Amino acid sequence: MKISYCILLIILGLMGSPNLICQEISSKSEKSFSKIRVKPNNVLNSSLMNNFGKKYHAKVSFPDSREKKNSLIIALHWAGNTNTYKEFHDCLITKGFQELNAILISPESEGQLWNTKNNIDKIKSIVDNAVKFWNVDSKRVAITGYSNGGNGSWYFAEHYPELFTAAIPMASLYSLNSKIEIPVYAIHGLKDELFQVSKTEKYINKSIEKGSNITFIINEQLSHFQACAYTQDLKIASRWLKNIWKIK
């Protein structure tokens, strides 16, 4: 049974009247997203569902000002325990993207790599439902991540470019097998002891030779285990993203 769900959007300056948008809810996934209140500065630890009704947790931050259409950043955390997504979201993602006025969501990986079927379904459902219920512009959706999440963001950029318009992988090592169809801004620490910068650079250069649009930034001071210190690099990346999205 489908349930009618109405979102009231107040658009200032448009004849002084609100727009009423009604959506049809036909799945548990849609219902879980429709329940979340889209309001300025709202930060939530949420229980959501993928398109097949499997529950997972995510941290969601809404921007401090309302837009006619929202931007969306899906952030994939590094390997860790069940609460890693919260630390990742708080110490790196919200600080790094604070100038971008976007909806930020950091889902949990459930102890899996990001390219498992479960996590692919999860990310696809986030994009679908954010566009439908959170007033997200499908042309302003980006994927980012660190370490395991950095590899995940490469994976989605390579295999699901129709979902995203940009990717920002950090501290990653991913064998690129084809041209990446969306622009990428990759960040890596020179002192990374887990993923050697020379290997990452080699993969990136090969992909650039195939026609990929990749900007590669090396932080000469940081190692792999200083993830939360990459905030300034991510702030610069968010300005790059503004240019990609043509946001003033």
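Each reported figure results from applying straightforward, stated rules to the coordinates on display, with no laboratory input. Here the structure is a predicted model, which is why all the values come from computation and not from measurement. Quick reminder, even Gly has a Cβ in these numbers, built from the backbone with ideal geometry, and neighbours come from all protein chains shown.
Can you give the Kirkwood hydrodynamic radius of the stretch 70-111 from its Cα pairs, in Å with one decimal? Walk me through the numbers on the way to the answer.
Details: mean 1/r = 0.0949 Å⁻¹.
One decimal place: 10.5 Å for the Kirkwood radius.
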Q | Projected label distance in nm at SER65 and GLN232, using a 7 Å step from Cα toward the beta-carbon | A | 2.6 nm
Q. At a Förster distance of 22 Å, what's the computed FRET efficiency of ILE244 paired with ILE218, Cβ-Cβ distance as r, to 0.05?
A. 0.60
Q: Work out how much length SER46 to CYS91 would gain on full extension: take 0.36 nm times their residue separation and subtract the Cα-Cα distance, in nm to one decimal.
A: 14.4 nm
Q) GNM on the chain, C-alpha springs below 10 Å: top fluctuator among ALA167, ALA186, ALA229? A) ALA229
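Any of LYS35/LYS117; LYS206/LYS248; LYS86/LYS210; LYS199/LYS248 with alpha carbons more than 27 Å apart? Name them for me.
Numbers: LYS35/LYS117 25 Å; LYS206/LYS248 33 Å; LYS86/LYS210 37 Å; LYS199/LYS248 36 Å.
Check vs 27 Å cut-off fails for LYS206/LYS248; LYS86/LYS210; LYS199/LYS248.
With a 10 Å Cβ neighbour count serving as the proxy for reagent exposure, in which order, fewest first, do LEU76, LEU234 appear? Don't skip to the end; give the middle numbers.
Working: LEU76 29, LEU234 23.
Least crowded to most crowded, the residues run LEU234, LEU76.
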Q. Hey, any idea what Rg/Rh is for the stretch 96-160, computing Rh the Kirkwood way over Cα pairs?
A. 0.95
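Would you please classify the overall shape of the stretch 60-135 from the alpha carbon gyration tensor, given that a ≥ b ≥ c denote the square roots of the eigenvalues, rounded means a/c under 1.5, and beyond that prolate means a/b larger than b/c while oblate covers the rest? Kindly include the intermediate steps, with their values, before the conclusion.
Values: a/c = 2.96, a/b = 1.33, b/c = 2.22.
Because a/c hits 1.5 or more and a/b fails to exceed b/c, the stretch 60-135 counts as oblate.
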Q: Please figure out what share of the DSSP beta bridges in the chain is antiparallel and state it in percent, rounded to the nearest 5.
A: 45 percent
Q: Please provide three numbers in whole Å: the alpha-carbon extents of the stretch 57-184 along the principal axes, with the largest listed first.
A: 38, 32, 25
Q: With only Lys, Arg, Asp and Glu charged, each at its Cβ (+1 for the first two, -1 for the last two), find how big the charge dipole of the stretch 28-245 is about the Cα centre; round to the nearest 20 debye.
A: 740 debye
**Q.** Counted charge near GLU108, where neighbours are those whose Cβ lies closer than 13 Å (Asp, Glu -1; Lys, Arg +1)
**A.** +3
(Q) Can you compute log10 of I(q)/I(0) for the chain with the Debye formula, treating each Cα as one identical point scatterer, at q = 0.16 Å⁻¹? (A) -1.15
Q.
Once each part is reduced to its C-alpha centroid, what is the distance from the stretch 26-60 to the stretch 112-136 in angstrom?
A. 11 Å
**Q.** Selected from ASN51, LEU234, ILE204, residue furthest toward positive end of dipole (the chain; charges at beta carbon)
**A.** ASN51
Q: Of all alpha-carbon pairs in the stretch 196-248, indicate the percentage at a distance above 19 angstrom.
A: 44 percent
Q: Answer with one residue from ILE218, GLY189, VAL38: the one whose Cα lies farthest towards the positive end of the charge dipole of the chain, charges on Cβ with Lys, Arg +1 and Asp, Glu -1.
A: VAL38
Q) What's the local net charge at ASN45, with K and R +1, D and E -1, over the other residues with C-beta under 14 Å away? A) +2
Q: Using only the alpha-carbon atoms of the stretch 114-248, report the extent along each of the three principal axes, biggest first, to the nearest angstrom.
A: 42, 32, 28
